[in-house]
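Undergrad: First, the structure itself, so that you have it in front of you.
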């Protein structure tokens with residue numbers, strides 16, 4: 001009797017702990033996608049019904065069908081959640097933060113089970129588990145622990161950067177184009193200096209703190225930092241930490257309008273980058289409205305860019321443009337790159353580069369992966385613009401594609417973190433140019449259904465992006481040009 005009771009208790013604990021782990025897997029995966037902001041997971045998620053299907057309903061079933069819940073867990077919930085996870089193209093990255101979360105979650109679940117069962121002895125009473133308590137406590141504990149860990153890392157990074165007395169810091173922000181500018185600067189300035197730039201799209205203060213602590217070396221002469229934001233104050237934190245000598249505020253647009261609500265708030269947030277105690281000069285794109293700004297303390301430190309570019313020509317072979325009667329050519333695709341390269345040219349001048357040196361360097365700039373990157377397979381031409389999610393960049397890519405004589409194919413989810421009007425513009429323009437249009441994801445599906453009206457063109461609405469490879473194999477042919485414009489993950 002006692003042996004059977006113990007086995008029953010162990011079975012209940014195993015079911016309970018497994019269920020808690022799976023709920024935690026779903027929750028932390030979503031949190032990681034949305035920068036660990038619970039409000040964004042709850043109110044900004046493109047597929048909110050996932051929360052009902054994989055979180056809310058299983059918990060309700062667990063409370064009201066306890067005796068046979070193990071059947072539901074083993075044969076329905078666990079397989080369905082694992083299939084969901086397997087299909088994700090952006091899976092959970094097991095960072096130290098995630099590992100700490102799971103350690104707390106499993107520990108709290110087991111502690112709760114012990115406290116509930118302690119003293120039950122020969123009772124055959126069915127256990128009323130709490131499923132949310134370990135999750136809530138783990139989230140709260142994880143939040144506090146990350147704050148403590150972050151503060152210690154921040155102070156360490158601040159001290160380390162301050163110890164590099166001769167380093168020059170260049171910080172780059174903007175609604176879009178900042179990663180490109182960062183990479184072009186690093187390529188150009190590295191001809192004469194030891195340069196290090198934040199990797200990939202690391203652009204939050206937390207990511208920069210980690211980058212300084214783990215990767216920045218004392219021999220570096222120029223540190224280039226990309227600064228991104230989801231709310232006001234984010235870029236000011238980066239400016240206070242890195243204290244840039246040169247700040248670049250790139251093009252301002254409606255990217256991330258859902259977070260900032262107005263274009264003025266986007267501008268104000270990006271302009272936080274000039275508030276550096278070490279500022280020597282700030283380069284500000286012509287799209288930034290400075291009419292209501294008081295710049296008394298920044299006298300002679302502000303300079304515009306994007307205004308002196310002319311005779312821009314861009315096609316599948318590259319981009320040619322002029323600055324101050326000097327001709328430049330780059331293998332980079334897209335007319336918009338000329339404005340990004342103007343500010344690179346200006347900063348290169350600050351660091352002693354001649355016009356001739358910059359011209360030579362621009363001719364050998366590398367295409368940035370997933371940013372209008374040209375790939376020739378021998379049978380088809382692919383333009384990989386997967387990391388470009390802004391209206392200007394997409395329309396510029398369309399212009400390049402338009403010049404191609406062969407069949408044109410577009411693969412896109414539309415614009416993410418934007419509005420209906422801009423997606424309407426994308427739909428109408430793509431309907432004129434492309435022979436085959438494949439819309440991935442559900443976010444903008446109905447907008448494209450409404451405005452893709454050309455009966456002579458093929459339109460495909462793909463629900464599962466995992467089927468894209470097969471679809472392209474079936475519906476494209478030799479000589480086609482395929483543009484991947486903005487590669488949104490499955491959860492969008």
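The values are calculated or read from the model by the stated rules, or taken from the named source; none is laboratory data. The structure displayed is predicted, hence computed values, not measured ones. FYI the Cβ positions are ideal-geometry reconstructions off the backbone, even for glycines, and counts take in every protein chain you see.
Let's see how each residue does on (1) within 30 Å of residue 222 (Cα to Cα); (2) at pLDDT 95 or above; (3) more than 25 Å from the chain's Cα centre (by Cα):
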position	(1), (2), (3)
90	no, no, no
96	yes, no, no
112	no, no, yes
117	no, no, yes
128	no, no, yes
134	no, no, yes
166	yes, no, yes
174	yes, no, no
185	yes, yes, no
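Undergrad: Can you pull out the residues in the range 360-396 that are within 16 Å of the chain's Cα centre (by Cα) and on the phi > 0 side of the Ramachandran plot?
TA: The answer is 370, and nothing else.
Undergrad: A further question follows. Name the one entry in 225, 209 that is under 18 Å from the mean Cα position of the chain (by Cα), crowded, with 16+ Cβ neighbours inside 10 Å, over 23 Å from residue 38 (Cβ atoms) and modelled with pLDDT of 95 or more.
TA: Details: 209 fails: over 23 Å from residue 38 (Cβ atoms).
Residue meeting the stated conditions: 225.
Undergrad: Let me confirm something: among 20, 28, 9, 83, which residue is farther than 26 Å from residue 146 by Cβ and modelled with pLDDT of 90 or more?
TA: On the way: 20 fails: farther than 26 Å from residue 146 by Cβ; 28 fails: farther than 26 Å from residue 146 by Cβ; 9 fails: modelled with pLDDT of 90 or more.
Exactly one of 20, 28, 9, 83 is farther than 26 Å from residue 146 by Cβ and modelled with pLDDT of 90 or more, namely 83.
Undergrad: Residue 446 - would you say it is closer than 26 Å to residue 253 by Cα and outside any loop (DSSP other than H, G, I, E, B)?
TA: In short, yes.
Undergrad: Filter the range 280-317 down to residues that are assigned to a loop (DSSP other than H, G, I, E, B) and closer than 30 Å to residue 408 by Cβ, then give me how many there are.
TA: 4
Undergrad: Another question, then. Can you find a residue in the range 74-81 that is touching a residue at least 12 places away in the same chain (Cβ under 8 Å) and touching a helix residue (DSSP H, G or I) at 6+ places or on another chain (Cβ under 6 Å)?
TA: yes
Undergrad: Can you name the residue in the range 398-419 that is part of a helix (DSSP H, G or I) and out of contact with any strand residue (DSSP E or B) (no Cβ under 7 Å at 6 or more places or on another chain) and, of all such residues, is farthest from residue 45 (Cα to Cα)?
TA: Among those that are part of a helix (DSSP H, G or I) and out of contact with any strand residue (DSSP E or B) (no Cβ under 7 Å at 6 or more places or on another chain), it is 402.
Undergrad: Find the residue count for the range 373-397, including only residues that are more than 19 Å from residue 253 (Cα to Cα) and assigned to a loop (DSSP other than H, G, I, E, B). Step through it out loud before you land on a result.
TA: Let us first name the residues in the range 373-397 that are more than 19 Å from residue 253 (Cα to Cα), namely 373-384.
Next, from what is left, pick out any that are assigned to a loop (DSSP other than H, G, I, E, B): 377-380.
Selection size over the range 373-397: 4.
Undergrad: Something else about it: Can you tell me which residues in the range 197-211 are under 17 Å from residue 245 (Cα atoms) and in a helix (DSSP H, G or I)?
TA: Residue satisfying the conditions is 208 alone.
Quick grid of which residues meet (1) within 16 Å of residue 134 (Cβ to Cβ); (2) in a loop (DSSP other than H, G, I, E, B); (3) not assigned by TED's automatic domain parsing to the domain that holds residue 414:
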position	(1), (2), (3)
10	no, no, yes
13	yes, no, yes
21	yes, no, yes
41	no, no, yes
46	no, yes, yes
51	no, no, yes
80	no, no, yes
89	no, yes, yes
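Undergrad: Out of curiosity, is residue 444 within 18 Å of residue 395 (Cβ to Cβ), modelled with pLDDT under 90 and crowded, with 16+ Cβ neighbours inside 10 Å?
TA: yes
Undergrad: Can we say residue 243 is touching a strand residue (DSSP E or B) at 6+ places or on another chain (Cβ under 7 Å), surrounded by fewer than 18 Cβ atoms within 10 Å (Cβ to Cβ) and either at pLDDT 95 or above or within 21 Å of residue 284 (Cβ to Cβ) (or both)?
TA: Values: touching a strand residue (DSSP E or B) at 6+ places or on another chain (Cβ under 7 Å): yes; surrounded by fewer than 18 Cβ atoms within 10 Å (Cβ to Cβ): yes; either at pLDDT 95 or above or within 21 Å of residue 284 (Cβ to Cβ) (or both): yes.
So residue 243 fits the description; yes.
Undergrad: Taking the criterion of being assigned to a loop (DSSP other than H, G, I, E, B) and either assigned by TED's automatic domain parsing to the domain that holds residue 48 or surrounded by 15 or more Cβ atoms within 10 Å (Cβ to Cβ) (or both), would at least one residue in the range 461-471 satisfy it? Steps first, answer last, please.
TA: First, the residues of the range 461-471 that are assigned to a loop (DSSP other than H, G, I, E, B): 463-464.
Checking the rest, the ones that are also either assigned by TED's automatic domain parsing to the domain that holds residue 48 or surrounded by 15 or more Cβ atoms within 10 Å (Cβ to Cβ) (or both) come to none.
No, there is no match, as no residue in the range 461-471 is assigned to a loop (DSSP other than H, G, I, E, B) and either assigned by TED's automatic domain parsing to the domain that holds residue 48 or surrounded by 15 or more Cβ atoms within 10 Å (Cβ to Cβ) (or both).
Undergrad: Go through (1) over 26 Å from residue 44 (Cβ atoms); (2) buried (at least 22 other Cβ atoms within 10 Å of the Cβ); (3) touching a helix residue (DSSP H, G or I) at 6+ places or on another chain (Cβ under 9 Å) and name the single condition residue 388 misses.
TA: Unmet for residue 388, out of (1) over 26 Å from residue 44 (Cβ atoms); (2) buried (at least 22 other Cβ atoms within 10 Å of the Cβ); (3) touching a helix residue (DSSP H, G or I) at 6+ places or on another chain (Cβ under 9 Å): (1).
Undergrad: In the range 252-279, what residues are crowded, with 18+ Cβ neighbours inside 10 Å, touching a helix residue (DSSP H, G or I) at 6+ places or on another chain (Cβ under 7 Å), at pLDDT 90 or above and not in a helix (DSSP H, G or I)?
TA: 276
Undergrad: A further question follows. Scan the range 282-305 and give yes if some residue there is at pLDDT 85 or above, under 30 Å from residue 32 (Cβ atoms) and not assigned by TED's automatic domain parsing to the domain that holds residue 393, otherwise no.
TA: Checking the range 282-305: not a single residue is at pLDDT 85 or above, under 30 Å from residue 32 (Cβ atoms) and not assigned by TED's automatic domain parsing to the domain that holds residue 393.
Undergrad: Would you pick out the residues in the range 224-251 that are touching a residue at least 60 places away in the same chain (Cβ under 8 Å) and not in a loop (DSSP other than H, G, I, E, B)?
TA: 235, 238, 239, 241, 242, 246, 247, 248, 249
Undergrad: Looking at the range 187-202, which of its residues are touching a residue at least 24 places away in the same chain (Cβ under 8 Å) and farther than 13 Å from residue 170 by Cα?
TA: 187, 188, 191, 192, 193, 194, 201, 202, listed by residue number.
Undergrad: Within the range 403-417, does at least one residue satisfy the condition of being surrounded by fewer than 22 Cβ atoms within 10 Å (Cβ to Cβ) and either closer than 22 Å to residue 344 by Cβ or within 16 Å of the chain's Cα centre (by Cα) (or both)?
TA: yes
Undergrad: Okay, moving on. Give the range 318-372 a look and list any residue that's surrounded by 20 or more Cβ atoms within 10 Å (Cβ to Cβ), part of a helix (DSSP H, G or I) and touching a residue at least 60 places away in the same chain (Cβ under 8 Å), or say none.
TA: 337, 339, 340, 341, 343, 344, 347, 348, 358, 361, 362
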